Structures are given as C-alpha cells and as structure tokens.
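Encoded as structure tokens, the structure appears first; notes follow it.
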Amino acid sequence: VIEGGVAIGCISESAIVNALDEGRIQKMHSHNVSDFMEDAFPTIPPSTPIETVIHLLHSHHAVLIAEKGKVAGVITKHDLIGMITK
C-alpha cells in the first residue's frame, strides 16, 4: 500500500486467508484496505548489494527500492530467479 509515494503497508494473500479463517470477513465490500494491511515491505536504496536483497527476501515477500524518499521499484523472489536464469 503506497500513500504519497511512501510505503505504509502491504496486503498479502496470507493476511486475507487469516482474516477469513478467523471469521473477520463477512463481506469483502464492507471492509477497508487497512483491515488487512500488514507492515510495509523493507525499503532499500538502489545501491544496496544484491546479497542484502537475498537476505531480506528470506523473510519478506518483496523488497521496495526507494529513490528520493519515494518507492521507485519492487524486487521479488521471482525477479531474482529471472536474473539467474538469463
């Protein structure tokens, strides 16, 4: 979830499934994004070594790249696999 170019949280499949499992969801249209929002993904500058990105992806679904205080990109495990297989 991005607000004003800044990451304020994220919504994952697991957050939605957990809410379903806990009975917190009756009708999706009656909820706000904040009802499912979790902490934002880690944010790093473009100069961060790839080893650091790999380490962060062990415990996060994605890593955000920020330039001048605003999110400029996203790196996922899928992106890393794509880099390796090129």
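Data table
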quantity	calculated
In Hz, Karplus ³J(HN,Hα) per residue of segment 70-75 (6.51, -1.76, 1.60; θ = phi - 60°; x = Gly, Pro)	10, 5, 10, x, 9, 10
Two-decimal log10 I(q)/I(0) for segment 41-86, as the Debye equation yields it once each C-alpha is a single scatterer, q = 0.13, 0.19, 0.23 Å⁻¹	-0.26, -0.54, -0.78
Cα pair distances exceeding 23 angstrom across the chain, given as percent	34 percent
Simple label model, 7 Å out from Cα along Cβ direction - S34 to A72, nm	3.1 nm
Mean separation of Cα contacts under 8 Å, 6 or more apart, over the residue count of the chain: relative contact order %	27 percent
For segment 38-48, 3J(HN,Hα) per residue [Karplus equation, 6.51 cos²θ - 1.76 cosθ + 1.60, θ = phi - 60°, Hz, x = Gly/Pro]	10, 4, 5, 5, x, 10, 9, x, x, 7, 5
Inter-label distance for H55 and D79, nm, one decimal - labels placed 7 Å from Cα along Cα-to-Cβ	1.8 nm
Nitroxide proxy distance, nm - points 7 Å out along Cα→Cβ at L20 and V1	2.0 nm
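Here, each number is a calculation from the coordinates, and none is a lab measurement. On a predicted model such as this, the values are computed, not experimentally measured, just so you know. Don't worry about glycine lacking a Cβ; one is built from the backbone with ideal geometry, like all the others, and counts go over all protein chains shown.
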